[in-house]
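Data block below; observations after.
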Amino acid sequence: MIAAAADVEPADAEWLHQLVGDWQVVADLAFADLVLWLPTDDGSFVVAAHCRPSTAGTVHYDDIVGDTPTEPRRQLMNQTLLDRGIHLRAEHDGERGLREVVIPVVHDGRAVAVLTRESALPTSRVPSRLEISYMEIADVLCAMMSRGEFPQPAPTGSRRGAPRVGDGLVRLDAEGRVLYASPNAVSNFHRLGVIGELKGAVLAELVTALLEEHTNVDEALAVVVMGRAPWRTDIEARGVALSLRAVPLLDRGERSGALLLCRDVTEVRRRERELLTKDATIREIHHRVKNNLQTVSALLRLQARRSPNEETRAALGEATRRVATIALVHETLSQNLDEVVNFDEVFGRALRLAADVASPDSSVRTVVEGTFGAVGAEAATALAVVLTELVTNAVEHGLQSRSGTVTVTAERDGLELTVRVADDGVGLEQGKVLTGLGTQIVSTIVTNELHGSIHWAPRPEGGTEVVLHAHLGQARPKGARG
């Protein structure tokens, strides 16, 4: 929707994207829907984004992106853009009352958009201490927004396990002293080992006392627990892990305190460590399989050299090449963090091996066109064996081990792969296709493991072309192994 707005500079658009990426915190603190309005060329506004709170019910059950304001709202929004002030408005829609706070979104000293904070009109019920504290912090963040001090730079580190308002909230003053801690935050720090009241204590001192000797401590920890920078960090003690995120609260450039969000991520971190251990184990298995296959390949090569029979030596040589091709795939998998390989890299090495083994004394040129992309482990092994076999057959039978060119063309469309292997050799001999062991191996693998088809055909300009269609299947994401 930003493209439909008038005169939105790229820097302003990026600022608005950052705001939308981090405004869930404000919506949860304010117990209100947040609606971002962008000015349009005709002097009106259009809804570019909408955020519902997770701490209260929404006032908009339908999708409102793309809506335009009523005339009274449009006038108030224009006034907000001009004076860059925060305005309050209330309206009654039938039986429902709506309280609306209109806030300018300021960037580089200019109001570039308007944000409305919309909630149901309050009832006669007395708000709790938690609600009052949340609303106070929401007011501070909205005031920062009107001065161009929010959003802040995205917190460093992964968003996995990022704390939310409902997970636990601590408000600090400028000296890092706790002004308020939500019940969930109190529980989180008690599990970590903090004894007694949080309110009134300097959080950095409490956390420092929990750190065990000879433990690795994130250098950002001190900055986060003092609320001096919008960073994220983790702290672990007594087998409990907390994820912390600081949001400095500013007043015209001066830090007046901080909002600290915390979440117990003990189980998340435990699962991450299990996945790392599992990944390391799988990579070690691939490494050992590769070593064993290389040993088998070396034994076959040694046996071929000692055999007096030419036909036996040729058969053992073909078996050596096939085993070495499979070993290449396992070597690549042993270096990856997941069960996906860059098949262009694997095939490049397998192609050189196939051409050199099939025709060591001639100058056969191999050309690869297109890309294979990432291929799952199961399909990669089958595909490598098939393509190596096809290139070897093209060199040995198509070119008859003389000079020539073998061209491999790959066309990838999602999970579908089409590969053409063409040579400029003597062409097909009548009745020879599908009679050799290598060709039978290829046909079986293509049908049973790649769930595809393959056919051979003569080229009009001379030589043979093999067309392979394969369905690569869905590569399993990291961590989804059984």
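The values are calculated or read from the model by the stated rules, or taken from the named source; none is laboratory data. No experiment lies behind these values; they were computed from the predicted model shown. Positions of Cβ are generated from backbone atoms using ideal geometry, with glycine treated the same way; all protein chains shown enter the neighbour counts. Just the protein is used for accessible areas: all its heavy atoms, side chains included, with ligands, DNA and RNA removed. Shrake-Rupley method; radii C 1.70, N 1.55, O 1.52, S 1.80 Å.
Listed values, structure above:
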{"quantity": "Selection from the range 443-474 of residues that are assigned to a helix (DSSP H, G or I), open to solvent by less than 70 Å² (accessible area, probe 1.4 Å) and not hydrophobic (A, V, I, L, M, F, W, C)", "calculated": "Ser443"}
{"quantity": "Ile195, sole failed condition from (1) among the β-branched types (Val, Ile, Thr); (2) in contact with an Asp or Glu (Cβ under 8 Å, 6 or more places away or on another chain); (3) open to solvent by 50 Å² or more (accessible area, probe 1.4 Å)", "calculated": "(2)"}
{"quantity": "Matching residues, the range 17-31, being over 18 Å from Ala113 (Cα atoms) and assigned to a helix (DSSP H, G or I)", "calculated": "Val25, Asp28, Leu29, Ala30"}
{"quantity": "Flag for Thr55 being β-branched (Val, Ile, Thr), surrounded by fewer than 20 Cβ atoms within 10 Å (Cβ to Cβ) and out of contact with any Phe, Trp or Tyr (no Cβ under 8 Å at 6 or more places or on another chain)", "calculated": "no"}
{"quantity": "Strands (runs of 3 or more DSSP E) lying entirely in the range 272-390 (those with 1 or more residues that are at pLDDT below 75, more than 40 Å from the chain's Cα centre (by Cα) and surrounded by 14 or more Cβ atoms within 10 Å (Cβ to Cβ))", "calculated": "364-369"}
{"quantity": "Number of the exception - Val65 against (1) part of a loop (DSSP other than H, G, I, E, B); (2) out of contact with any Ser or Thr (no Cβ under 9 Å at 6 or more places or on another chain); (3) open to solvent by less than 50 Å² (accessible area, probe 1.4 Å); (4) not aromatic (Phe, Trp, Tyr)", "calculated": "(3)"}
{"quantity": "Criterion: open to solvent by less than 60 Å² (accessible area, probe 1.4 Å) and modelled with pLDDT of 85 or more - qualifying residue of Val419, Val395", "calculated": "Val419"}
{"quantity": "Tally of residues being surrounded by fewer than 18 Cβ atoms within 10 Å (Cβ to Cβ) and either assigned to a loop (DSSP other than H, G, I, E, B) or free of Cβ contacts under 8 Å to residues at least 12 places away in the same chain (or both) across the range 218-227", "calculated": "2"}
{"quantity": "Count - residues of the range 32-53 that are modelled with pLDDT under 95 and not in a strand (DSSP E or B)", "calculated": "5"}
{"quantity": "Unique match (being under 30 Å from Leu328 (Cβ atoms) and of a type in the set (A, V, I, L, M, F, W, C)) among Leu293, Leu249", "calculated": "Leu293"}
{"quantity": "Every residue from the range 166-182 that is open to solvent by 10 Å² or more (accessible area, probe 1.4 Å) and over 14 Å from Leu261 (Cβ atoms)", "calculated": "Asp173, Ala174, Glu175, Arg177, Leu179"}
{"quantity": "Scan of the range 228-247 for residues that are free of Cβ contacts under 8 Å to residues at least 40 places away in the same chain, assigned to a loop (DSSP other than H, G, I, E, B) and either touching a Lys or Arg at 6+ places or on another chain (Cβ under 6 Å) or surrounded by 21 or more Cβ atoms within 10 Å (Cβ to Cβ) (or both), ordered by number", "calculated": "none"}
{"quantity": "Among the candidates Glu91, Glu100, residue that is surrounded by 12 or more Cβ atoms within 10 Å (Cβ to Cβ), at pLDDT below 95 and over 22 Å from Asp28 (Cβ atoms)", "calculated": "Glu91"}
